[in-house]
1. Go through A:E143, A:E156 for me and flag whichever is within 14 Å of chain B (Cβ to nearest Cβ), part of a helix (DSSP H, G or I), buried (at least 20 other Cβ atoms within 10 Å of the Cβ) and not hydroxyl-bearing (S, T, Y).
2. Would it be correct to say that A:E83 is within 14 Å of another protein chain (Cβ to nearest Cβ), of a type in the set (D, E) and within 18 Å of A:T152 (Cα to Cα)?
3. Do you know which residues across the stretch B:13-59 are away from every other protein chain (no Cβ under 14 Å) and among the charged types (D, E, K, R)?
4. Would the stretch B:24-36 turn up any residue that is assigned to a loop (DSSP other than H, G, I, E, B), of a type outside the set (S, T, Y) and closer than 16 Å to B:L112 by Cβ?
5. Would a scan of the stretch A:122-136 turn up a residue that is touching a residue at least 24 places away in the same chain (Cβ under 8 Å), of a type in the set (S, T, Y) and either away from chain B (no Cβ under 14 Å) or under 24 Å from A:L20 (Cβ atoms) (or both)?
6. Residue check: is A:F37 in contact with a Leu (Cβ under 8 Å, 6 or more places away or on another chain), over 12 Å from A:G127 (Cα atoms), within 13 Å of chain B (Cβ to nearest Cβ) and touching a residue at least 24 places away in the same chain (Cβ under 8 Å)?
7. Tally the residues that are closer than 21 Å to A:E143 by Cβ, of a type in the set (D, E) and surrounded by 14 or more Cβ atoms within 10 Å (Cβ to Cβ), restricting the search to the stretch A:80-124.
8. Taking A:D148 as the residue in question, decide whether it is within 30 Å of B:Q123 (Cβ to Cβ), within 14 Å of chain B (Cβ to nearest Cβ) and acidic (D, E).
Amino acid sequence: MSAAPVPPDEETRLQALRDLQLLDTPPEERFDRVVRFAAEQLDVPIALVSLLDSDRQWFKSKVGTEVLETERSISFCAHAIMEHELFVVEDARLDPRFADNPLVTGELGVRFYAGAPVSAKGGERIGTLCVIDRIPRKLGVVELAVLDSLRTLVNEAISGDPDKE
Amino acid sequence: MNTRAPAPPQLQLLLVEPQFVLRRTIVAVAHDLHIARFQEATSVDSAARRLAERPFDGIVIDMFDGIFELMSRLREGAFPSRPDTAIIAMTAITTDEQRDARFLSLGHSSVLRKPFKIAELLQMIQRMGASATGNGCIAAS
């Protein structure tokens, strides 16, 4: 298993995350509605808004799991935040970075992961909107576009932009 | 000499959908995939205002109260859009065959049940575009 590298802007990134005061807060509909929609559109059992703290990933919003947080060392999202682009693992069992990851080999049984990094206003990648399945998957063009679009809505929720409803 | 064919103009559509996440996602994905550009409305009143402003190649609309009357006015030529402008109506999963039939009687219309996959709506929009002949925007296939 490969532990995710630490982003070069880690200190700034962590400060931006803490400034948002989102960690360990109650669920909020502005995030939950996006996560529900992601799960429905992409036909996945699990969808999350995950925030990457110094040594853990904590789930601000979740569908399909009661897990509240995991160690950062086993987090797929920690890999995802290294780049701006969508991070997709079609079959974690075949990926040497994740094949022996407890999230894959254990009860959660992660096989497929797709994460869209989400950012604070300054651009610091603080976590992801991600979808997870227990079977290998390959997302189509439209599904990738949907995930990317939903990432924008999460970014707007993070920045506190008023809903343009 | 530039032999590359110009990109076909995008469909200009009106989307009337009150649900924020669904509306924003449809607009963004259709734009990112170069399928259509949407003007948005969230109510019958705002839809009427949009329709009065400019013509559209098609309309994607949530089937809520008052929308049938608005679409009837469209068919009667009350707006800049062609009277036969294609309409896709999005309806909740609870079926109302009488309402659906009433809507389909408007002609050039189709019904899409919620919840639906965005890809399905985009396919319907692309079929809409393939047959659109009016508003000077899309050539007939």
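Where a number appears in this text, it was derived from the coordinates with a stated rule and is not lab data. The model shown is predicted, which means the values in this text are computed figures rather than measured ones. Reconstructed Cβ throughout: ideal geometry from the backbone, glycine too, with neighbour counts over all protein chains shown.
1. Working: A:E156 fails: buried (at least 20 other Cβ atoms within 10 Å of the Cβ).
Selected residue: A:E143, the only one of A:E143, A:E156 that is within 14 Å of chain B (Cβ to nearest Cβ), part of a helix (DSSP H, G or I), buried (at least 20 other Cβ atoms within 10 Å of the Cβ) and not hydroxyl-bearing (S, T, Y).
2. Working: within 14 Å of another protein chain (Cβ to nearest Cβ): no; of a type in the set (D, E): yes; within 18 Å of A:T152 (Cα to Cα): yes.
So A:E83 does not fit the description; no.
3. B:R37, B:D45, B:R49, B:R50, B:E53, B:R54, B:D57
4. Applying the first criterion (assigned to a loop (DSSP other than H, G, I, E, B)) to the stretch B:24-36 yields B:33-35.
The next check asks that each one be of a type outside the set (S, T, Y); those that pass are B:33-35.
With the extra rule that they be closer than 16 Å to B:L112 by Cβ, the set shrinks to B:35.
Scanning the stretch B:24-36, I find at least one residue that is assigned to a loop (DSSP other than H, G, I, E, B), of a type outside the set (S, T, Y) and closer than 16 Å to B:L112 by Cβ, so the answer is yes.
5. Yes: the stretch A:122-136 contains one or more residues that are touching a residue at least 24 places away in the same chain (Cβ under 8 Å), of a type in the set (S, T, Y) and either away from chain B (no Cβ under 14 Å) or under 24 Å from A:L20 (Cβ atoms) (or both).
6. Numbers: in contact with a Leu (Cβ under 8 Å, 6 or more places away or on another chain): yes; over 12 Å from A:G127 (Cα atoms): yes; within 13 Å of chain B (Cβ to nearest Cβ): yes; touching a residue at least 24 places away in the same chain (Cβ under 8 Å): yes.
Answer is yes for this residue.
7. 3
8. On the way: within 30 Å of B:Q123 (Cβ to Cβ): yes; within 14 Å of chain B (Cβ to nearest Cβ): yes; acidic (D, E): yes.
Yes; evaluated as a whole, the condition is true for this residue.
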